[in-house]
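We did not get these values from a lab; they are worked out from the coordinates using the rules stated. The shown structure was predicted, so the numbers you read here are calculated from the model rather than taken from an experiment. Note that each Cβ is placed from the backbone with ideal geometry, even for glycine, and that neighbours are counted across all protein chains shown.
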Amino acid sequence: MIPRNLIINAATDVGFDMVGIAPAKPLHEEYSHFEKWLFEGCHSTLGYMERNAEKRFDVTKLVEGAQSVVVCGVAYLSEVSRGYPEGCRTKIASYALARDYHITIKEMLSEVAERLKAYSPNLRFRTFVDTAPLSEKSYARRAGLGWIGRNSLLVTPNHGSMLLLGEIVMDDVVDEYDSPMDSVGCGECRRCVEACPNGAIREDKTIDTRRCISCRTIEPMASGEAIDLDGWIFGCDRCQSVCPYNMKAPLHSNHRFDPIINPLALDSDAWQGMSEEEFSALASTTPMTRAGLQRIRTNVKSEK
């Protein structure tokens, strides 16, 4: 058995802003909700969402003997997270302006896990950062970090929704688990729904990716009607920038997530005239490489 305080202290020491721990139990209700979303075709070109669907909501299928899920969150809210100047046509989601969070959070989780291994040498675990089939938002809710907001994202009382997540699934129990945060939520607020330029946010707190700007600017191109990108060329923060919890949340404090790209310094002509070498020098360590320069140029062109 591992003490909860040991886990909390280890995660806090390496720079996580929030930590919660949940039992490694299947999430049947969430899985049923997810299956309905898939059946209705809202995943669009995100074919990977169909693969290993049952594993996403049952970590015991990912880690043999799993007993506990440690969910760690780190805030990334920066100066541009709450919105761009009116008329800006080269907007970038704020998480993508810093070093790729997959790499950074993986490093941080490894540091936490080593602390736990020092206490329990026989501990077996796996770390996850948004790449394996694991419904991290669902387990984050079960671990008491926050609730699923109307825009489908995890919303937390102190850091809003601009929080990146990582998980440690381990084969030992913890002396105390956290409970879901059922006493707070979005209430009657519908700002995110009303702010989405293409009506991508559904009433059941899911996203129709066919209409989502973030998906349209990053994921495989969808056939069908064109949508308004609203000036976004990589990702979209629109439903988050209007959230009251994000409006009052503090700027991020972990310097590993400081922006290394200034989106306001790059207009449409700068992106269109950029060479592959210049793009690599600018963004090779950021999530923007997922789309690549040619895709970004296409997004910029559609905004002119």
Roughly what angle does helix 292-302 make with the longest principal axis of the chain, taking Cα atoms, 0 to 90 degrees, to the nearest 10? 50 degrees
Considering the alpha-carbon set of segment 181-304 alone, what are its Rg and its Dmax in angstrom? 16.5, 51
Calculate, for Glu54 and Thr131, the FRET efficiency according to 1/(1 + (r/R0)^6) with r their C-beta to C-beta distance and R0 22 Å; round to the nearest 0.05. 0.80
Taking 0.36 nm per residue of sequence separation and subtracting the Cα-Cα distance, how much length would be gained by fully extending the chain between Glu225 and Ser275, in nm to one decimal? 15.0 nm
If the convex hull of the alpha-carbon atoms of segment 1-100 is projected onto planes in all directions, what is the mean projected area in square nanometres? 9.9 nm²
Once the Cα gyration tensor of segment 176-231 is diagonalised, what are the square roots of 5 times its eigenvalues, in whole Å and ordered largest first, as equivalent ellipsoid semi-axes? 29, 15, 9
Just rank Cys243, Cys215, fewest to most, by other beta-carbon atoms within 10 angstrom. Cys215, Cys243
Using only Cα atoms, locate the centre of segment 17-45 and the centre of segment 119-190, then give the distance between them in Å, rounded to an integer. 12 Å
Among His33, His28, what is the fewest-to-most ranking by other Cβ atoms within 10 Å? His28, His33
Going by average Cβ density within 10 Å per residue, which order do the peptides 106-112, 19-25, 52-58 take, highest to lowest? 19-25, 106-112, 52-58
Lone cysteines in the chain, defined as no other cysteine's Cβ under 4.7 Å from theirs: which are they? Cys42, Cys72, Cys88, Cys186, Cys189, Cys196, Cys236, Cys243
P(r) for the chain, please, calculated from all Cα pair distances in 20 Å bins and given in %. 32, 59, 9
If I fit a long axis through the Cα atoms of helix 4-13 and take the longest principal axis of the Cα atoms of the chain, what angle between them do I get, 0 to 90°, rounded to 10? 40 degrees
Scattering profile of segment 237-304 at q = 0.22, 0.26 Å⁻¹ [log10 I(q)/I(0), Debye over alpha-carbon scatterers]: -1.06, -1.19
Assuming 0.36 nm per residue, please report the length gained on full extension of the stretch Asp13 to His102 beyond their Cα-Cα distance. 30.1 nm
Give me the one-decimal Kirkwood hydrodynamic radius in Å for segment 88-181, with the sum taken over alpha-carbon pairs. 15.1 Å
Log entry: pair-distance distribution for segment 53-97, C-alpha pairs binned every 5 Å from zero, whole % per bin is 5, 16, 16, 12, 8, 10, 12, 11, 7, 3, 1
